[in-house]
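Colleague: Below is one structure. I have some questions about it.
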Amino acid sequence: MPEVIFNGPAGRIEGRYHHNKGPNAPVAVILHPHPTFGGTMNHPIVHALYYAFVRRDFSVLRFNFRGVSRSQGVFDNGAGELSDAAAALDWVQVINRDARSCWIAGFDFGSWIAMQLLMRRPEIEGFISVAPMANHYDFSFLAPCPASGIFINGEKDAVTAPEHVTSLVSKLKTQRGITIEHKLVPGANHFFENKLDELMEVVEDYIDRRLAQSEAA
């Protein structure tokens, strides 16, 4: 899990990167929760997402948005953070020019940024959106959602009530061949306290099913 530093729009960006040396290894980028509320790339959920992809032979990057820890710049209410995420994906793709697929995953604020990046980068073919803050941010740009993925939230989320995520998913329009899944983790709050294992069971089952479908195609 080597530390990496790469250039972003606001200066240097700090990250952690796992490189898979296998031919055509897929890539994944993981985005952390809200920077002004203590969100970093070392959040337990971000950490768990990172290793879920590592164990499945992905090359994986997680990083700190601008202004967090050793990443330069200041919080930019989303616009700058989206640029950071695009720079992170660019960096991963330069190192993995022959990657056979590309995924994005985010938690909380990172979920909102991830979905915006998804709309701008057609090479992204899978996403995992954990605890999307559907009542705090506008997700109407997902029209239609260009890639298959999964939304996961907690039954007892007091930050974004489950019905907001259900409403978001129900309104999504999809193109042919695109499937959007939605899973509710029983008893879980916004941060999946004491429910991280249950969250990761859902995440890992989804990734495994998608990889199996890809291999069978």
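Just so it is clear, none of the values below were taken in a lab; they were calculated from the coordinates. Here the structure is a predicted model, which is why all the values come from computation and not from measurement. As a convention, Cβ positions derive from the backbone with ideal geometry for all residues, glycine included, and neighbour counts pool all protein chains shown.
Colleague: How much space per residue, in cubic angstrom, does the convex hull of the C-alpha atoms of region 142-208 take up?
Modeller: 79
Colleague: Then there is this: Mind checking which of His47, Cys102, Val165 is farthest towards the positive end of the chain's charge dipole, using Cβ charges of +1 (Lys, Arg) and -1 (Asp, Glu) about the Cα centre?
Modeller: Of the options given, the answer is Cys102.
Colleague: Related question: Near Lys156, within a Cβ-to-Cβ distance under 12 Å, what is the net charge of the other residues, with Lys and Arg +1 and Asp and Glu -1?
Modeller: Local net charge: -2.
Colleague: Given the DSSP H assignment, sum -39500 (n - 2.57) over each helix run of at least 4 residues in the chain and divide by its residue total; what's the result at 222 nm in deg cm²/dmol, nearest 500?
Modeller: Rounded to the nearest 500, it is -10500 deg cm²/dmol.
Colleague: Then there is this: Rounded to the nearest 5, what is the percent of antiparallel bridges among the DSSP beta bridges in the chain?
Modeller: Of those bridges, close to 25 percent are antiparallel.
Colleague: Hey, another quick one. Treat every Asp and Glu Cβ in region 3-216 as -1 and every Lys and Arg Cβ as +1, leave all other atoms uncharged, and give the resulting dipole magnitude about the Cα centre to the nearest 20 debye.
Modeller: Rounded to the nearest 20 debye, it is 480 debye.
Colleague: For a test of understanding, tell me how many lysine pairs in the chain have Cα atoms under 16 Å apart, given they are 8 or more places apart or on different chains.
Modeller: 4
Colleague: While we're here: I need to check one value: relative contact order of the chain, counting alpha carbon pairs closer than 8 Å and at least 6 residues apart, in percent.
Modeller: Rounded, it is 17 percent for the chain.
Colleague: Then there's this: If Lys and Arg each add +1 and Asp and Glu each add -1, what is the summed charge of the other residues whose beta carbon sits under 9 Å from the beta carbon of Gly187?
Modeller: Within the 9 Å Cβ shell, the charges total 0.
Colleague: Evaluate E = 1/(1 + (r/R0)^6) for Tyr51 and Arg120, where r is the Cβ-Cβ distance and R0 equals 30 Å; express this FRET efficiency to the nearest 0.05.
Modeller: FRET efficiency, Tyr51 to Arg120: 0.65.
Colleague: State which helices in the chain qualify, where a helix is a whole DSSP H run, it must extend 18 Å or more along its own axis by its Cα atoms, and its mean Kyte-Doolittle hydropathy must be at least 0.0.
Modeller: Passing helices, by number: 79-95.
Colleague: Counting only other residues whose beta carbon sits under 15 Å from that of Glu215, what net charge do I get with K and R as +1, D and E as -1?
Modeller: Within the 15 Å Cβ shell, the charges total +1.
Colleague: OK, next. Using a 7 Å offset from the Cα along the Cα-to-Cβ direction at both Asn194 and Ser140, what is the distance between the two label points in nm, to one decimal?
Modeller: If labels sit at Asn194 and Ser140, their model points lie 4.0 nm apart.
Colleague: Asn24 versus Glu155, label points 7 Å from Cα toward the beta carbon: distance in nm?
Modeller: The answer from the label model is 4.2 nm.
Colleague: Still on this structure, I have one more. Quick one: what Rg and Dmax do you get for the chain from the alpha carbons, in Å?
Modeller: In Å, with Rg to one decimal and Dmax whole: 15.9, 45.
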